[in-house]
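Written out below as structure tokens is the structure these notes cover.
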Amino acid sequence: MNPLNAVIARTLPFVPRGIVRRVASRYVAGETLADAVETVRRLNAERCLATLDVLGEDVVRFSETEETVAEYRRALDAIAENRLDANISVKLTALGLKLDPARCREHFRRIVDGAAAQGIFVRIDMEDSSVTDETLRTYYESGRTTDRVGLVLQAYLRRSRDDARRAAAVRASVRVCKGIYVEPPEIAYQGRQEIRDNFDALVEDLLVAGSAVGIATHDEWLVEKALATITRLKLGRDAYEFQMLLGVRGDLRRRLVAAGHRVRVYVPYGRSWYAYSLRRLKENPAIAGNVLRGLLRRGR
Ligand code: FDA
């Protein structure tokens, strides 16, 4: 871990909220659904697709999950009413996965039903390794009733190629990402290049099997590798899409769009923006460096 990033990560909780908000505003659409709709409109005008994410995860009381479900239902209505080119992504811990998996699955079903009624796709974000099995279980259970649900596999997990084989067998729609949580070496690759190699292999395995793949990265090395695989396999434009986070590598995003590729931007919004930003920054101290860079750039 870069010592400077570690220091920044530890210091973050003491950084004034206003400053975190200023830096986070690049990565978060805002507090309200209206903010999110505005951001997606802008992205659609730039020929980008979007994914709405209602902020909030790891709830303490099950009662908190009701509001999250209601907000997702409102988000689905807003996507349909405003004719946005967008889908949604859901974190199961925000629906109470760690408190009551069975009720969490009921909540998830309500969201999927609402989405199916509007013809909108739902992706289940993948969280830390303590919930990987339960998350996949929820996916496979919902997959029986709808093909409008997708999952995420993390390239840093050693198990992911096995999970990909299972996903490929049912031609699941899969987002492949490196993985953002801190995981131990027994279950997760730690080296930058071995994670990249596994990412590349996962994308190829899934594309060869005919799965729709969301290539979620800002790493140009991986983008080039994926483009080479797509060319080699002679795939059409709807077999895959690139996915990026709001506020990150807009240059790369625009280049891919200009070259005719589908690019989807992940748009988080909600009142939990502060907790979300701090958690993200602390979980991955490498990102904490971006806070400092953000502050310095803004200071100029
Ligand atoms: P890497 O971290 O090497 O970044 C490459 C370059 O991109 C950096 O050098 C930097 O320039 C820029 N960059 C990356 N992140 C930045 C940031 N936050 N701010 C500024 N610049 C940044 N993870 C997970 O565990 N479960 C999930 O469900 C998801 N979902 C998801 C969806 C989408 C659309 C994306 C893009 C990512 C995720 N992730 C995720 C996060 C993912 O696992 C990973 O942590 C980040 O994408 C960073 O990895 P990169 O592949 O971008 O490479």
Any residue at all in the stretch 80-98 that is surrounded by fewer than 22 Cβ atoms within 10 Å (Cβ to Cβ), of a type in the set (Gly, Ala, Ser) and either at pLDDT below 95 or outside the structural domain of Cys48 (by TED's automatic domain parsing) (or both)? no
Please determine, by comparing only the residues of the stretch 209-248 that are in contact with a Ser or Thr (Cβ under 9 Å, 6 or more places away or on another chain) and open to solvent by 30 Å² or more (accessible area, probe 1.4 Å), which one is nearest to Gln154 (Cα to Cα). Ala212
Just to verify a result, which residue in the stretch 188-211, among those that are among the β-branched types (Val, Ile, Thr) and in contact with a Phe, Trp or Tyr (Cβ under 9 Å, 6 or more places away or on another chain), is farthest from the ligand (Cβ to nearest atom)? Val203
Looking at the stretch 18-43 only, could you name the residues that are among the hydrophobic types (A, V, I, L, M, F, W, C) and either open to solvent by 50 Å² or more (accessible area, probe 1.4 Å) or not in a helix (DSSP H, G or I) (or both)? Ile19, Val28, Ala29, Ala34
Exactly one of these conditions fails for Glu57: (1) open to solvent by 30 Å² or more (accessible area, probe 1.4 Å); (2) at negative phi. Give me its number. (1)
If only one of Thr11, Thr65 is of a type in the set (S, T, N, Q) and surrounded by 19 or more Cβ atoms within 10 Å (Cβ to Cβ), which one is it? Thr65
Somewhere in the stretch 102-109, is a residue aromatic (Phe, Trp, Tyr), within 16 Å of the ligand (Cβ to nearest atom) and open to solvent by less than 30 Å² (accessible area, probe 1.4 Å)? yes
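The values are calculated or read from the model by the stated rules, or taken from the named source; none is laboratory data. All values derive from a computational prediction rather than experimental measurement. Methodologically, a virtual Cβ is constructed for each residue, glycine included, from the backbone with ideal geometry; neighbour enumeration extends over all protein chains shown. Accessible surface is based on the protein model in full, side chains and every heavy atom, while ligands, DNA and RNA are left aside. Shrake-Rupley method; radii C 1.70, N 1.55, O 1.52, S 1.80 Å.
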